[in-house]
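Nothing in this text is a laboratory measurement; each read-out follows from the coordinates by a stated rule. For clarity, every value in this text was computed on a predicted model and none was experimentally measured.
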């Protein structure tokens with residue numbers, strides 16, 4: 001019974017992986033059984049047919065005549081041939097290939113996928129594909145060369161492998177849950193593009209010349225007023241021209257200023273946190289988060305990199 005449960009899981013595993021990948025790389029994706037229910041037809045057929053085959057045990061008296069033609073040959077094909085293994089592995093392989101095809105198309109009308117963010121899921125799909133191919137190969141070798149002698153010996157190993165792959169997907173996927181794997185495409189007309197580029201230049205200039213980032217309470221409105229622009233235009237300029245958010249934009253200047261202060265011998269008497277407050281950070285937590293996010297390193301590494 002244990003391996004039957006796992007076989008039925010295999011039949012639905014492929015579609016679930018495909019929907020996971022689609023949801024991961026598609027903005028605002030929502031599952032609809034009305035649209036996607038067709039993918040679950042195989043597992044429904046498998047469930048009905050498998051239970052039909054099991055009921056044949058009630059009628060079996062040791063003779064072929066005790067069962068209907070369909071019941072007898074269905075039982076033989078289902079229980080004495082590697083049919084379940086081959087179909088379930090084939091479904092996993094089919095949906096894995098579909099998922100890989102989805103990842104190969106990185107350009108869409110309204111967004112594009114960030115290739116560097118997809119490496120881990122491509123690796124997962126490769127492992128899953130190799131698992132399905134290995135399963136098909138082992139079952140076929142066993143059936144054609146060893147008269148299906150080992151089917152009860154290796155299926156536990158196969159299903160344990162699938163369990164390991166599944167848990168691996170869960171753990172890695174959870175660790176990547178905050179990753180942004182796509183970016184929206186925005187087509188700006190010439191006038192708007194020129195306007196936003198001009199605002200971007202003003203933002204960089206005011207940061208360098210007036211060092212507004214040193215203000216711990218600096219906000220979007222204050223920054224917009226400093227360059228005499230509307231705050232929503234500043235936000236658009238940051239997003240579409242500078243590819244940044246307000247907080248990241250300001251913190252990037254703070255970190256660069258901090259690096260400059262660390263190079264000056266006179267500041268050796270101050271702690272790293274004291275200098276962080278000097279350049280505009282208002283808490284140790286926000287400082288640590290900003291450095292980790294923008295540099296990928298810990299705050300202590302800032303000194304080591306000098």
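Estimated from helical segments only, the mean residue ellipticity of the chain at 222 nm is -22000 deg cm²/dmol, where each DSSP H run of four or more residues counts as -39500 (n - 2.57). Just 88, 175, 99 to compare: in a GNM of the chain, with alpha carbon springs under 10 Å, which one fluctuates most? Comparing 88, 175, 99 in the GNM, the peak value goes to 175.
Based on Cα contacts under 8 Å between residues 6+ apart, the chain shows a relative contact order of 15 percent. Alpha-carbon geometry of segment 2-184: the Rg and the Dmax are 19.6, 66 Å, given in that order. Of the two radii for segment 1-109, the radius of gyration is 1.13 times the Kirkwood radius, both from the alpha carbons; that is the Rg over Rh value.
Distances over 16 Å make up what percent of all Cα-Cα pairs in segment 198-239?
Numbers: 213 of 861 pairs.
That tail contains 25 percent of the Cα-Cα pairs.
Taking square-rooted eigenvalues a ≥ b ≥ c of the alpha carbon gyration tensor, is segment 183-306 rounded, prolate or oblate, where a/c under 1.5 means rounded and, failing that, a/b exceeding b/c means prolate? Don't jump to the answer; show the numbers that get you there.
Values: a/c = 2.46, a/b = 1.95, b/c = 1.27.
The shape class here is prolate.
GNM remark for the chain: springs join alpha carbons under 10 Å apart, and the peak mean-square fluctuation among 111, 18, 167 falls on 167.
Taking a temperature of 10 °C and a viscosity of 1.306 mPa s, what whole-number D in µm²/s does Stokes-Einstein yield for the chain with Rh from Kirkwood over alpha carbon pairs?
Numbers: Rh = 24.7 Å.
Translational D for this selection: 64 µm²/s.
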